[in-house]
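A.B. asks: Submitted below is the structure of interest, expressed as structure tokens.
The values are calculated or read from the model by the stated rules, or taken from the named source; none is laboratory data. A quick note: this is a predicted structure, and the numbers were derived from the prediction, not measured. Virtual Cβ from ideal backbone geometry, glycine too; neighbours counted across all protein chains shown.
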Amino acid sequence: MWLWLPIGILCDPAWQIRNKLFKNRGFVFGLLISVTFIGLFYFTVDLGEMKAALIQTDYRFLAPGIALYFVSVGFRAIRWQYILAPLRRISVLQLYSVVVVGYMANNLLPMRLGEVVRAYYLSKKTPINTSSALATIGLERIYDGLVLVLFAVTSLLLLTVSNITEGVGAVTVWTLSVMAIVSASIFLGMIILFTLIVVRPSLSSILYKIIDYFPWQVRQKIKDFVGQFIYGLQRLKSPKNQLKLLLLSLPVWIFEGGMYLVLAYSFDIPGHFAPHILIIPVILMVTAASNLITAVPASPGAVGPFEFFAKESLLLVGIQSGIAGAYAISLHVALLLPVTFVGLCILWIGPGSFSNLTKGAKDQMSSRSG
């Protein structure tokens, strides 16, 4: 949220879009969520300790951390290439730029509209339909969720065995376990539902019959959207493909988690644990908690929720609130600013602008919904 101002000043089209968004209810809702969590963060952190931690930070770890993040983006492009292969073969390099632009848009727009922008941008660069591209992105998010839940469960098991979470009480650990189970059930349920729709034409026929009850003005547009969306889910046709998708999702989050780990050394967080190897399950927890909350389609860049849940994850294992808060803020800035800057540069170098891209994505989705 507070990261938008310099970008808006430096990039006039983005600033114009921002002014329009203030009149949008979704934007206002996302803004309220951000403000709420920023408030919770502010009142639950030792500000003096946080300021001292930020001053004493060893910023030499910043560059290798950011490099690891861009490697994880590369694995996202590889995974996306695999998902898109039944539709069209596209180079990883071309997809890499599209992924970066999509993340840039997610950091600037509310309600995860960057996903729509990314799908539209792909449709402008390739013959793939926006709706089909959106389905493949949705598939990515489901497998991201599964890996993050796997991280959370692994972290809870390792931390419980090592007695690090002994001070937080059995109720908290039990609550986190239930949340992990519920999250896993949701993601697995979505995969099962999408798989059944793809492999059983009778189910999609039922879906089309339901659409027949919609007003005739929008009926065909919705059918076209659903048809293209289902077409984008072709990789779900076999268990082998689904297993490969899960395996391709692991390096995405291992390298992003590696960034979290490297930046933790900036604040000497590993030094709080004996042996130091226990920092790994702690980072798994931070990665899972801070990213699962970003699945909520609300605040742009997840500013507020990300910081709060990253900080709370560290508090559970005994890290002081000031250090945890400083780490959460530094980590999120390192996640947001570089990819946003690179995304804007890609648009500046290529034929197009953030303003036109956003407008085109919005117009196309509006035309499909009536």
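A.B. asks: Taking into account only those residues within segment 168-185 that are more than 22 Å from the chain's Cα centre (by Cα) and among the hydroxyl-bearing types (Ser, Thr, Tyr), which is modelled with the highest pLDDT?
C.D. replies: 175
A.B. asks: Condition first: polar (S, T, N, Q) and free of Cβ contacts under 8 Å to residues at least 40 places away in the same chain. Now tell me which residues in segment 124-164 satisfy that.
C.D. replies: Step one: of segment 124-164, the residues polar (S, T, N, Q) are 126, 129-132, 136, 154-155, 160, 162-163.
Those that are polar (S, T, N, Q) and free of Cβ contacts under 8 Å to residues at least 40 places away in the same chain: 126, 160, 163.
A.B. asks: Quick check on segment 3-24. Is at least one of its residues under 19 Å from residue 335 (Cβ atoms), of a type outside the set (D, E, K, R), surrounded by 12 or more Cβ atoms within 10 Å (Cβ to Cβ) and modelled with pLDDT of 50 or more?
C.D. replies: No, segment 3-24 contains no residue that is under 19 Å from residue 335 (Cβ atoms), of a type outside the set (D, E, K, R), surrounded by 12 or more Cβ atoms within 10 Å (Cβ to Cβ) and modelled with pLDDT of 50 or more.
A.B. asks: State yes or no: is residue 198 without any contact (Cβ under 8 Å) to a residue 12 or more places away in the chain and more than 25 Å from residue 34 (Cα to Cα)? Break it down stepwise before answering.
C.D. replies: Values: without any contact (Cβ under 8 Å) to a residue 12 or more places away in the chain: no; more than 25 Å from residue 34 (Cα to Cα): yes.
It is false that residue 198 is without any contact (Cβ under 8 Å) to a residue 12 or more places away in the chain and more than 25 Å from residue 34 (Cα to Cα).
A.B. asks: Of the residues 102, 48, 65, which single one is modelled with pLDDT of 95 or more and over 21 Å from the mean Cα position of the chain (by Cα)? Don't jump to the end; show me each part of the working.
C.D. replies: Numbers: 102 fails: over 21 Å from the mean Cα position of the chain (by Cα); 65 fails: over 21 Å from the mean Cα position of the chain (by Cα).
The match here is 48.
A.B. asks: Still on this structure: Looking at residue 45 and the list (1) buried (at least 21 other Cβ atoms within 10 Å of the Cβ); (2) among the β-branched types (Val, Ile, Thr); (3) within 25 Å of residue 236 (Cα to Cα), which single condition is not satisfied?
C.D. replies: (3)
A.B. asks: Given the options 251, 275, 281, name the one that is farther than 30 Å from residue 194 by Cα and surrounded by fewer than 21 Cβ atoms within 10 Å (Cβ to Cβ). Can you show your working first?
C.D. replies: Values: 251 fails: farther than 30 Å from residue 194 by Cα; 281 fails: surrounded by fewer than 21 Cβ atoms within 10 Å (Cβ to Cβ).
None of the other options fit; the residue is 275.
A.B. asks: In this structure, does residue 92 turn out to be within 18 Å of the chain's Cα centre (by Cα) and β-branched (Val, Ile, Thr)? Break it down into steps so the answer makes sense when it comes.
C.D. replies: Values: within 18 Å of the chain's Cα centre (by Cα): no; β-branched (Val, Ile, Thr): yes.
Taking the combined requirement at face value, the residue does not satisfy it.
A.B. asks: Still on this structure: Residues being closer than 18 Å to residue 259 by Cα and surrounded by 19 or more Cβ atoms within 10 Å (Cβ to Cβ): count how many of those fall in segment 50-61.
C.D. replies: Total meeting the criteria: 1.
A.B. asks: May I pose another question? Only one residue in 297, 251 is outside any helix (DSSP H, G or I) and either under 26 Å from residue 38 (Cα atoms) or modelled with pLDDT of 95 or more (or both). Which one? Let's see the steps before the verdict.
C.D. replies: Values: 251 fails: outside any helix (DSSP H, G or I).
Within the list 297, 251, the selection yields 297.
A.B. asks: Can you find even one residue in segment 213-224 that is at pLDDT below 90, under 19 Å from residue 140 (Cα atoms) and surrounded by 14 or more Cβ atoms within 10 Å (Cβ to Cβ)?
C.D. replies: For segment 213-224, residues at pLDDT below 90, under 19 Å from residue 140 (Cα atoms) and surrounded by 14 or more Cβ atoms within 10 Å (Cβ to Cβ): absent.
A.B. asks: So, one more: State yes or no: is residue 185 of a type outside the set (D, E, K, R), touching a residue at least 24 places away in the same chain (Cβ under 8 Å), within 24 Å of residue 234 (Cα to Cα) and part of a helix (DSSP H, G or I)? Lay out the reasoning, then the answer.
C.D. replies: Details: of a type outside the set (D, E, K, R): yes; touching a residue at least 24 places away in the same chain (Cβ under 8 Å): no; within 24 Å of residue 234 (Cα to Cα): yes; part of a helix (DSSP H, G or I): yes.
Here the answer is no, as residue 185 does not meet what is asked.
A.B. asks: Here's a follow-up. Quick check on my filter: what residues within segment 186-205 are at pLDDT below 90 and among the small types (Gly, Ala, Ser)?
C.D. replies: Those that are at pLDDT below 90 and among the small types (Gly, Ala, Ser): 202, 204, 205.
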